[in-house]
Amino acid sequence: MDGWMDGWMDGWMDGWMGGWVDGLLLTIGITSSFQMQFMLLFSRQGKLRLQKWYVPLSDKEKKKITRELVQTVLARKPKMCSFLEWRDLKIVYKRYASLYFCCAIEDQDNELITLEIIHRYVELLDKYFGSVCELDIIFNFEKAYFILDEFLLGGEAQETSKKNVLKAIEQADLLQENIDYQTRLFAGVMVPSMASESSGLFQS
Amino acid sequence: WVCHTPIRLRELIRTIRTARTQAEEREMIQKECAAIRSSFREEDNTYRCRNVAKLLYMHMLGYPAHFGQLECLKLIASQKFTDKRIGYLGAMLLLDERQDVHLLMTNCIKNDLNHSTQYVQGLALCTLGCMGSSEMCRDLAGEVEKLLKTSNSYLRKKAALCAVHVIRKVPELMEMFLPATKNLLSEKNHGVLHTSVVLLTEMCERSPDMLAHFRKLVPQLVRILKNLIMSGYSPEHDVSGISDPFLQVRILRLLRILGKGDDDSSEAMNDILAQVATNTETSKNVGNAILYETVLTIMDIKSESGLRVLAINILGRFLLNNDKNIRYVALTSLLKTVQTDHNAVQRHRSTIVDCLKDLDVSIKRRAMELSFALVNGNNIRGMMKELLYFLDSCDPEFKADCASGVFLAAEKYAPSKRWHIDTIMRVLTTAGSYVRDDSVPNLIQLITNSVEMHAYTVQRLYKALLDDISQQPLVQVASWCIGEYGDLLISGQCEEEEPIQVTEDEVLDVLEGLLVSNLSSPVTRGYSLTAIMKLSTRFSSVNRIKKVVSIYGSSIDVELQQRAVEYNALFKKYDHMRPALLERMPIMEKTASNGPTEIVQTNGEAEPSVVEPKHPPPVGQPASQVKNTVFGLVSRCLSLMAFYLFDLSKTVNFLSIGIPPMTAYNKNGLKIDFTFERANPNPNVAVITIHASNSTEADMTDFVFQAAVPKTFQLQLLSPSSNVVPALNQGTVTQVIRVLNQQKLRMRIKLTYIHKGSAVQDLAEVNNFPPQSWQ
């Protein structure tokens with residue numbers, strides 16, 4: 001495809017995205033070959049429960065990807081393996097009860113360890129919510145994001161200890177609930193009291 | 001207007017979930033959005049957080065939430081932790097770097113990176129590392145670098161991944177992180193170790209200098225890995241008996257990058273790789289994940305042969321694993337190594353072939369690809385049996401690739417010509433409608449060159465036609481052969497099997513049947529008409545043939561009509577040339593491995609120089625172009641006669657079915673002509689070939705042609721024939737454009753090239769497309 005990506009990405013070019021040449025992922029530019037590009041959680045009816053994007057895409061593009069991928073994954077039969085090729089990416093997905101966890105990784109990435117990443121995230125949710133179910137994710141979606149953001153950063157695992165992730169979330173939650181800290185939590189860091197909104201916002 | 005407290009998030013979620021229809025939900029959403037909007041307008045600080053959270057929920061349901069973007073920024077700027085938490089989350093969900101408004105975050109992030117509370121710093125690092133634009137990364141790289149050197153492991157690990165993101169966005173900034181990497185691996189904290197390894201990996205991948213610089217870390221990495229394996233149970237990092245598999249995998253990956261192409265590094269990691277390969281528990285996925293990464297590393301570095309065999313055997317064991325995921329990665333890896341470690345992979349051939357019967361589509365596909373890669377002169381018969389069986393029973397999505405694979409393998413390793421023809425026949429009759437268009441000319445060439453098999457081939461193809469005329473590739477090849485070897489067919493010369501008894505009329509019945517059948521595509525009709533015409537010099541029923549040809553002189557199919565008209569002319573004014581023009585095709589020379597692209601032969605009166613030599617078609621070239629070099633050869637000669645006879649305007653590609661060519665650009669000695677075709681099978685696709693020629697005395701090098709079309713169109717460019725437009729019109733550069741269009745076609749083109757030492761660039765609008773090109 002000679003010359004296509006040479007900066008002629010003005011309005012005229014949008015017309016061919018999603019046409020034969022799916023230039024969609026090319027617009028992201030050169031990423032490394034080991035990046036998780038996004039993670040989606042959706043129900044068996046195809047309802048989106050969480051979307052974490054690690055590459056810049058427009059809302060329209062995200063919607064399109066989500067729609068197509070959800071359809072593709074939901075069409076898979078139970079006996080099929082957890083990996084599929086989709087556009088330029090590898091999709092790793094696993095169903096936990098009524099929720100599909102779906103990650104898009106790049107060509108050189110290790111699918112099996114991605115399954116472990118997904119599993120670790122589910123374990124974290126489970127520990128946090130106590131026997132997590134889809135309803136927990138629905139009603140506490142922001143917490144699901146907070147937990148994810150303590151586990152992964154930019155698509156990579158930032159912490160491999162379950163305990164440490166949960167500890168950090170716990171502390172941050174406490175901070176939200178306006179508890180004064182005088183003690184040192186981690187080496188060399190003093191956490192002063194913070195004014196925060198009176199509790200109740202996120203209580204059911 | 002009664003102001004009331006905005007409803008809580010969870011109450012909203014509960015309410016929305018009670019909606020029984022989409023319309024009901026939409027109504028609730030709109031109502032709540034209106035309330036939120038007015039709340040935003042009132043600059044309500046107290047409930048901003050609650051409102052944005054609700055907006056994020058509605059956004060996830062698919063409703064627009066852009067009016068909340070600035071509110072997120074306000075939340076981020078707030079002093080309350082709760083506000084920041086939701087504000088940053090909202091920024092990550094609602095903002096993206098294409099919108100200028102995201103830059104307003106930069107200052108807030110900068111402040112928060114220096115906040116006294118590590119959780120606030122964490123939020124800032126996370127957001128920057130997830131969605132920071134290049135500008136933001138440039139502005140804040142210094143802050144990230146500072147945090148990379150902190151002793152606070154909570155922040156250090158986040159800073160490392162944030163640095164990875166910065167480097168991905170602004171590679172030039174990589175250097176500034178180098179000093180901070182100095183003692184990253186001395187950390188005991190696994191989080192920091194893991195993220196540090198990721199950072200080092202990113203740097204090594206992007207810069208050969210960095211890679212060389214970090215090679216000295218190999219012993220340290222080996223030690224860390226060794227400790228992970230040898231150390232006892234560590235509850236904090238244990239996963240099914242394995243200590244921190246995530247870290248192990250990342251270290252193995254970094255070792256791969258460092259060891260690649262470097263003997264010393266590869267040697268230094270040899271032992272640990274062998275250790276991991278033999279000692280890792282394989283009963284669960286986590287162990288296999290590590291083994292998988294180990295195998296990938298062993299195969300990529302300069303490992304000794306024993307280690308490589310060990311790796312392939314691990315993959316072989318994976319193939320027998322009950323877990324289909326494991327089988328899948330095994331097949332993928334084997335596919336990567338089959339070229340370099342062919343013999344080792346061959347040992348697992350039967351297991352691989354068994355995977356053809358797997359239920360999973362991805363596994364089947366890989367097994368198929370691998371099977372084809374393993375075919376050689378020794379196993380061709382056995383392998384082909386399996387693959388043809390697979391072709392019979394596989395899903396339609398595989399048939400085209402499998403058919404192509406069979407043809408290729410047969411071409412390379414056929415033990416005999418007879419076996420070859422039989423294999424081709426088997427594919428055409430069982431998967432004939434899935435065979436790729438470009439297989440047809442390839443097969444025709446093959447058949448033409450198997451001189452001693454002509455009688456057998458035409459007989460088998462004829463019999464196949466009697467059974468089924470729905471599969472176009474089969475029909476096309478059969479038509480061609482009957483046209484060429486019809487004389488052998490009726491004279492019953494077949495040696496390989498019992499010759500059939502068939503008369504000229506019966507053969508012509510079949511070919512005429514193809515012309516009228518609505519199962520036949522226009523291309524097929526062209527093949528059969530030409531075949532009928534050729535038989536005029538091989539059969540005695542010339543009058544019948546003349547009649548058929550004259551009927552089609554008024555066909556509504558313009559292609560067919562043109563052909564028939566020309567053939568008519570051959571009967572009338574140029575009858576003396578007819579035998580020579582229609583004589584048997586000679587052996588065709590292949591100039592490119594893709595197939596018969598340049599037909600080097602003379603044929604009767606047609607001057608070879610007048611026949612335009614085609615450039616070898618690039619991969620993905622529309623089939624019509626390749627097909628025409630063989631199919632159109634005879635017709636092309638005739639068409640050129642027509643050109644002389646009827647003084648038609650110069651059409652370089654006569655198969656343009658009536659769309660006249662045009663000059664799109666003509667400036668400074670560079671001329672670009674467009675010629676047109678309709679693609680087959682989608683008639684809404686216009687296939688435009690550009691022909692660039694250069695009348696100046698100097699070559700135009702580094703020639704790049706780019707095109708743009710309005711949003712309502714879809715456009716595809718295939719590879720150009722070359723990037724040098726030779727001087728003095730000595731040749732043309734051609735390139736194929738495909739446009740899906742139903743409206744007036746407009747195009748902008750951009751040309752860049754080097755001429756007489758200076759770079760030239762020009763833009764032009766092309767508006768003079770002939771109406772037929774888009775109607």
Any idea which of (1) touching a residue at least 40 places away in the same chain (Cβ under 8 Å); (2) at the interface with chain A (Cβ under 8 Å from one of its Cβ atoms); (3) not acidic (Asp, Glu) is the one B:PRO6 doesn't satisfy? (2)
Quick check, is B:ASP44 farther than 21 Å from A:LEU152 by Cα, in a loop (DSSP other than H, G, I, E, B), more than 9 Å from every other protein chain (Cβ to nearest Cβ) and out of contact with any His (no Cβ under 8 Å at 6 or more places or on another chain)? yes
Would you please name the residue that is farthest from B:LEU211 (Cα to Cα), looking only at residues in the stretch B:151-189 that are surrounded by fewer than 19 Cβ atoms within 10 Å (Cβ to Cβ) and of a type in the set (Ser, Thr, Tyr)? B:SER151
Which of the residues belonging to the stretch B:17-37 are touching a residue at least 24 places away in the same chain (Cβ under 8 Å) and within 17 Å of B:GLY68 (Cβ to Cβ)? B:ILE29, B:GLU32, B:CYS33, B:ALA35, B:ILE36, B:ARG37
Considering B:ARG544, B:ARG584, which residue is modelled with pLDDT under 85, out of contact with any Cys (no Cβ under 6 Å at 6 or more places or on another chain), of a type outside the set (Gly, Ala, Ser) and closer than 21 Å to B:TYR485 by Cβ? B:ARG584
Identify, please: which residue in the stretch A:89-120 is farther than 27 Å from B:LEU331 by Cβ and in contact with a strand residue (DSSP E or B) (Cβ under 9 Å, 6 or more places away or on another chain) and is, among those, modelled with the lowest pLDDT? A:SER98
State the number of residues belonging to the stretch B:279-324 that are under 27 Å from the mean Cα position of the chain (by Cα), touching a residue at least 40 places away in the same chain (Cβ under 8 Å), within 12 Å of chain A (Cβ to nearest Cβ) and surrounded by fewer than 24 Cβ atoms within 10 Å (Cβ to Cβ). 3
If you take just the helices (runs of 4 or more DSSP H) that sit entirely in the stretch B:93-171, which of them hold at least 3 residues that are under 20 Å from B:LEU199 (Cβ atoms) and modelled with pLDDT of 95 or more? B:118-131, B:134-148, B:153-169
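Please find, among B:PHE214, B:PHE246, the residue that is of a type in the set (Phe, Trp, Tyr) and crowded, with 23+ Cβ neighbours inside 10 Å.
Only one candidate qualifies: B:PHE246.
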Of the candidates B:LYS385, B:LYS399, the one satisfying the condition of being of a type in the set (D, E, K, R) and buried (at least 20 other Cβ atoms within 10 Å of the Cβ) is B:LYS399
Considering every residue within the stretch B:752-765, establish whether at least one is within 14 Å of chain A (Cβ to nearest Cβ) and touching a helix residue (DSSP H, G or I) at 6+ places or on another chain (Cβ under 6 Å). no
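For the stretch B:339-414, list the helices (runs of 4 or more DSSP H) that sit wholly inside it and hold at least 3 residues that are free of Cβ contacts under 8 Å to residues at least 24 places away in the same chain and either closer than 23 Å to B:TYR328 by Cβ or over 24 Å from the mean Cα position of the chain (by Cα) (or both); which are they?
B:380-393
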Within the stretch A:138-163, residues being more than 9 Å from chain B (Cβ to nearest Cβ), buried (at least 19 other Cβ atoms within 10 Å of the Cβ) and touching a residue at least 40 places away in the same chain (Cβ under 8 Å) number 2
Tell me yes or no: at least one residue of the stretch B:58-74 is touching a Ser or Thr at 6+ places or on another chain (Cβ under 9 Å), among the hydrophobic types (A, V, I, L, M, F, W, C) and surrounded by 24 or more Cβ atoms within 10 Å (Cβ to Cβ). no
If the requirement is being modelled with pLDDT of 90 or more and either at negative phi or assigned to a helix (DSSP H, G or I) (or both), which of these qualifies: B:ARG436, B:ARG460? B:ARG460
Within the stretch B:97-116, residues crowded, with 20+ Cβ neighbours inside 10 Å and facing chain A (nearest Cβ under 10 Å) come out as B:HIS102
Taking A:LEU166, is it part of a helix (DSSP H, G or I), more than 30 Å from B:THR332 (Cα to Cα) and either at pLDDT below 95 or more than 12 Å from chain B (Cβ to nearest Cβ) (or both)? no
Can you tell me which residues in the stretch B:206-245 are within 14 Å of chain A (Cβ to nearest Cβ) and β-branched (Val, Ile, Thr)? B:ILE224, B:VAL239, B:ILE242
Residue check, B:LEU193 away from every other protein chain (no Cβ under 12 Å) and of a type in the set (A, V, I, L, M, F, W, C): no
Matching residues, the stretch B:337-367, being surrounded by 15 or more Cβ atoms within 10 Å (Cβ to Cβ) and within 14 Å of chain A (Cβ to nearest Cβ): B:CYS355, B:ASP358, B:ASP360, B:VAL361, B:SER362, B:ILE363, B:LYS364, B:ARG365, B:ARG366, B:ALA367
Condition first: within 7 Å of chain A (Cβ to nearest Cβ), surrounded by 17 or more Cβ atoms within 10 Å (Cβ to Cβ) and not in a strand (DSSP E or B). Now tell me which residues in the stretch B:711-731 satisfy that. B:PHE713, B:PRO720
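The values are calculated or read from the model by the stated rules, or taken from the named source; none is laboratory data. Computed from a prediction, not measured in an experiment: that's the story for all the values here. So basically every Cβ, Gly included, is an ideal-geometry build from the backbone, and we count neighbours across all protein chains shown.
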